[in-house]
Amino acid sequence: MADETTAGPVTTLATPIRLDFDFTPGVAQSRFLRGLEQGKFMGQRCPSCGKVYVPSRGSCPTDGVPTTEDVLLSNVGTVTTYCVVNVPFAGQSIEIPYICAQVLLDGANVSFMGLIQEIPADQIRMGMRVEAVWVDESELTPSLASVRYFRPNGETDADYETYKEYL
Amino acid sequence: MAERCAVIGVGQTHHKSKRDDVSIAGLVREAAKMALADADLTWSDIDAVVIGKAPDMFEGNMMPEIYLAPALGAVGKPMFRVHTAGSVGGSTALVAAHLISSGIHKRVLTVAYEKQSDSDAMWALSVPQPFAAPLLAGAGGYFAPHIRAYMRRSGAPEYIGRMVAVKDRKNAMRNPYAHLHLPDIDMKMVEDSMMLWDPLRYLEACPSSDGAAAMVLSSEDAISGHYPPAWIHGMAMRSEPTMFAGRDQINPQAGRDCSADVYAQAGITNPREQFDCAEVYVPFSWYEPMWLENLGFCDLGDGWKLTEAGATAFDGDIPWNASGGVLSSNPIGASGMLRFLEVAMQVRGQAGEHQVDGAKLALGQAYGGGSQFFAMWVVGSEKP
């Protein structure tokens with residue numbers, strides 16, 4: 001043990017901090033989160049450009065108008081692009097390496113980030129068709145934690161032309 | 001621009017993984033004192049201070065500009081804080097320049113910094129939110145899928161990223177302030193480094209650095225300093241939403257619009273021909289070919305061909321990141337300002353061993369967030 005009287009001056013010390021906060025999702029995101037609680041993906045369509053957002057923030061970022069029409073989306077989508085995460089970090093809950101993909105749900109016009117499982121990390125492909133795997137009904141919550149992960153659903157890969165504008 | 005504005009002093013710290021000999025205040029003061037000395041001015045000559053850094057959560061100091069005011073001689077003077085994520089160093093310089101071009105002030109000190117050793121950027125970037133899955137493993141995890149999409153779209157061979165990683169680290173050997181000095185860097189060393197976010201390897205990513213950058217900007221009637229001024233010929237900022245249908249993250253519209261604006265101001269119609277060099281925010285190797293296209297240095301899909309042909313190398317026709325760039329030093333908040341500062345050094349002829357011969361006109365670019373914030377300026381040795 002170092003002699004505390006002769007050790008060098010203290011220049012830094014780690015002071016862990018914790019932040020707990022209440023999150024107020026607002027009307028549009030509440031609809032998305034309530035959908036997750038029921039095991040389904042809810043999006044909204046822009047009345048001007050017709051694009052479907054999931055999750056929707058209640059307005060179209062391109063047209064600036066409220067998105068009022070609710071759209072029930074498919075449980076199935078396409079991997080537009082991905083990376084394989086091999087970096088350990090504090091608070092990580094998934095075993096590395098894991099696949100972090102952009103998933104474009106059928107019927108949606110924006111992709112979101114999802115975990116892909118049930119396939120070796122080196123076999124994932126752009127264009128792969130995947131389906132959401134949900135937690136047990138009793139464990140559903142208004143959070144993306146309700147989606148355990150996505151997995152390949154066995155369909156033929158989507159053609160690059162069909163998703164290239166969603167990269 | 002109403003009033004002409006020029007860079008008359010520059011300063012930067014030696015960027016390192018840990019500056020445990022100074023606090024944040026000591027770090028920013030070090031760069032600021034160098035910039036004042038270069039401009040041949042003292043603290044009392046400065047009218048206002050503009051400061052920027054990446055999000056406060058990184059070091060956990062909320063509104064650090066308030067506590068840093070005494071260290072920067074700003075007590076009793078106007079002080080302005082800028083926030084635009086990773087592009088903030090560039091945006092901060094632009095806000096400072098606007099205070100001169102609008103005629104409000106004569107001399108403005110602008111400073112940007114990050115002390116990553118006091119921080120946990122990975123934690124700060126991975127705050128749990130109920131509408132997002134907890135998958136994001138730092139910035140690399142965000143950008144790697146877009147890099148893969150670029151490779152697919154352009155058909156670029158996979159070794160291009162390694163070429164950029166080697167080129168920028170070789171350039172850093174000429175820059176005494178650079179964080180990474182890797183004398184033995186070569187393609188094999190990059191290829192042998194750990195795969196972090198497939199397709200991105202450890203040596204294709206930027207380091208985590210402590211560091212600060214500072215500049216003194218001046219109006220035309222207040223020029224001073226040991227080197228000729230670097231005149232600002234154009235400056236612009238643009239942003240776009242993080243998410244919208246049809247968003248092109250490989251070639252963002254905000255970046256295209258920002259360069260169109262700054263080129264129009266500076267009379268640039270052919271960037272590859274007209275610029276003598278450029279300092280562009282490349283935190284991950286593949287962002288060089290992507291930004292070559294976004295900034296109009298070549299046609300869409302051809303960025304990687306310029307890199308492959310050596311056009312962007314130190315001895316190429318359009319050297320990019322002669323300083324070693326973000327891949328060699330990344331004090332996040334300061335990284336954008338370093339791009340702006342390095343091109344000022346080039347056109348002032350003060351870049352030492354990494355001086356591009358006869359550099360007269362140069363582009364500085366910074367980007368941030370999920371590729372949604374852009375800041376650019378064009379500086380020249382001649383008056384605009």
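Restricting to the range A:69-120, what's the tally of residues that are of a type in the set (Phe, Trp, Tyr), at the interface with another protein chain (Cβ under 7 Å from one of its Cβ atoms) and surrounded by fewer than 23 Cβ atoms within 10 Å (Cβ to Cβ)?
Final tally of qualifying residues: 1.
Among the residues of the range B:295-341, count how many are of a type in the set (Asp, Glu) and within 25 Å of residue B:177 (Cβ to Cβ).
Within the range B:295-341, residues that are of a type in the set (Asp, Glu) and within 25 Å of residue B:177 (Cβ to Cβ) number 1.
Of the residues B:238, B:256, only one is basic (Lys, Arg), farther than 24 Å from residue B:100 by Cβ and at pLDDT 95 or above; which?
B:256
Quick check on the range B:202-239: of everything there that is surrounded by 24 or more Cβ atoms within 10 Å (Cβ to Cβ) and hydroxyl-bearing (Ser, Thr, Tyr), which residue is farthest from residue B:260 (Cα to Cα)?
B:209
Tally the residues that are touching a strand residue (DSSP E or B) at 6+ places or on another chain (Cβ under 9 Å), surrounded by fewer than 23 Cβ atoms within 10 Å (Cβ to Cβ) and within 22 Å of residue B:345 (Cβ to Cβ), restricting the search to the range B:142-178.
So the count comes out to 1.
Only one of B:97, B:69, B:85 is touching a residue at least 12 places away in the same chain (Cβ under 8 Å), touching a strand residue (DSSP E or B) at 6+ places or on another chain (Cβ under 7 Å) and on the phi > 0 side of the Ramachandran plot; which?
After ruling out the rest, the residue left standing is B:85.
Are any of the residues in the range A:151-166 farther than 27 Å from residue A:48 by Cβ, facing chain B (nearest Cβ under 8 Å) and out of contact with any Ser or Thr (no Cβ under 7 Å at 6 or more places or on another chain)?
Checked the range A:151-166: at least one residue is farther than 27 Å from residue A:48 by Cβ, facing chain B (nearest Cβ under 8 Å) and out of contact with any Ser or Thr (no Cβ under 7 Å at 6 or more places or on another chain).
I'd like the full set of residues that are surrounded by fewer than 18 Cβ atoms within 10 Å (Cβ to Cβ) and either more than 10 Å from chain B (Cβ to nearest Cβ) or in contact (Cβ under 8 Å) with a residue 40 or more places away in the chain (or both), limited to the range A:59-68.
Answer for the range A:59-68, where residues must be surrounded by fewer than 18 Cβ atoms within 10 Å (Cβ to Cβ) and either more than 10 Å from chain B (Cβ to nearest Cβ) or in contact (Cβ under 8 Å) with a residue 40 or more places away in the chain (or both): A:59, A:64, A:65, A:66, A:68.
If you take the residues of the range A:121-134 that are surrounded by 15 or more Cβ atoms within 10 Å (Cβ to Cβ) and in a loop (DSSP other than H, G, I, E, B), which of them is farthest from the other protein chains (Cβ to nearest Cβ)?
Of everything passing the filter in the range A:121-134, A:128 is farthest from the other protein chains (Cβ to nearest Cβ).
Mind counting the residues in the range A:135-153 that are of a type in the set (Val, Ile, Thr) and assigned to a strand (DSSP E or B)?
1
When you look at residue B:136, is it within 14 Å of chain A (Cβ to nearest Cβ), surrounded by fewer than 23 Cβ atoms within 10 Å (Cβ to Cβ) and either farther than 26 Å from residue B:31 by Cβ or in contact (Cβ under 8 Å) with a residue 24 or more places away in the chain (or both), yes or no?
yes
Kindly indicate whether residue B:180 is closer than 21 Å to residue B:18 by Cα and not basic (Lys, Arg).
For residue B:180, the condition - closer than 21 Å to residue B:18 by Cα and not basic (Lys, Arg) - is met.
The values are calculated or read from the model by the stated rules, or taken from the named source; none is laboratory data. Nothing here was measured: the structure is a model prediction, and the numbers come from that model. No Cβ is skipped: glycine too gets one built from the backbone with ideal geometry, and neighbour counts run over all protein chains shown.
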